[in-house]
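The values are calculated or read from the model by the stated rules, or taken from the named source; none is laboratory data. Fair warning: this is a prediction, and the values are worked out from it, not measured in the lab. In this analysis, Cβ positions are derived from the backbone assuming ideal geometry, glycine residues included, and neighbour counts consider all displayed protein chains. Side chains are part of the model used for accessible areas, which takes the heavy atoms of the whole protein and leaves out ligands, DNA and RNA. Shrake-Rupley method; radii C 1.70, N 1.55, O 1.52, S 1.80 Å.
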Amino acid sequence: MSAAPRTLVLMRHGKSGYPPGVTDHERPLADRGRREAALAGDWIRSEDLRVDAVLCSTATRTRETLDRTGITAPTTYLDEIYGGTPTEILEAVRVYSPADAATVLVVGHEPGMPQTALALDPEGYIERFPTSAYAVVAVTLDWDRLGLDADPDAELLGVRVPRAQE
């Protein structure tokens, strides 16, 4: 039996800076990354995606991205999302998503975020997935079943690329 409709939002961190002597894990957002992460939060809210829970990579740039979105849902920070494969990311969603959450946001990295969306919907298409982009995936399975069934029962609804309108 299928669960109530759920939404998985897979977001790539904002554009990061490259300060000398800073490890990849500790790189902060650049000014553009801060602006576009805030815009992504505005777009998520404008789509009426009420985020109930967040799973976020432990990297500095993902934490700063989440902060800039203004999304304040309960958050779990996970090392396995940093550099995670679709298998690892879906395992994190299964283990850490609250059963009653209708919408879960995962803030991570490329290629993990777009590859996870396509793993859930192999018929989907993603042309590009730049910084601050997010994929919206509709799922009809309980979180603890997501990615385990041969038929994932998921549909990639689209990819949003938040950029200021000139």
Requested in this report: List the residues whose amide H sits under 5 Å from the amide H of SER132, counting only those 5 or more places along or on another chain, with H placed 1.01 Å from N in the peptide plane.
Outcome: ARG12, HIS13, GLY14, LYS15
Report task. Kindly work out what percent of the DSSP beta bridges joining two residues of the chain are antiparallel, to the nearest 5. Result -> 50 percent
Report summary line: If every Lys and Arg gets +1 and every Asp and Glu gets -1 at its Cβ, then about the Cα centre segment 6-160 yields a dipole, in debye to the nearest 20, of 760 debye
Requested in this report: Hey, can you find the accessible area per residue of segment 6-160 for me, probe 1.4 Å, expressed in square angstrom?
Outcome: 46 Å²
Requested in this report: Check each of the chymotrypsin sites (Phe, Trp or Tyr not before Pro) in segment 76-128 and keep only those in coil by DSSP with at most 12 other C-beta atoms within 10 angstrom; list them in order.
Outcome: TYR125
Requested in this report: Return the distance in nm (one decimal) between the two label points of a simple spin-label model at GLU155 and ALA102, each offset 7 Å from Cα along Cα→Cβ.
Outcome: 1.8 nm
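Would you compute, from DSSP H runs of 4+ residues alone, the mean residue ellipticity of the chain at 222 nm, taking -39500 (n - 2.57) per run and dividing by the full residue count, rounded to the nearest 500?
Dividing the helical sum by the residues of the chain leaves -8500 deg cm²/dmol.
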Query raised in the report: So how do ARG61, ARG128, ARG163 rank on accessible area, 1.4 Å probe, biggest first, that is with the largest at the start?
Result: ARG128, ARG163, ARG61
Requested in this report: Provide the FRET efficiency to the nearest 0.05 for the GLU47-THR23 pair, computing r from the beta carbons and using R0 = 41 Å.
Outcome: 0.75
Query - Lys/Arg +1, Asp/Glu -1 at C-beta; the chain dipole; positive extreme among TRP43, TYR134, SER97 - result: TRP43
Requested in this report: For THR76, enumerate residues with amide H under 5 Å from its amide H, sequence gap 5+ or separate chain, H modeled in the peptide plane.
Outcome: VAL54, LEU55, CYS56
Query raised in the report: Carbon-plus-sulfur fraction of the accessible area of segment 6-160, 1.4 Å probe, in percent?
Result: 48 percent
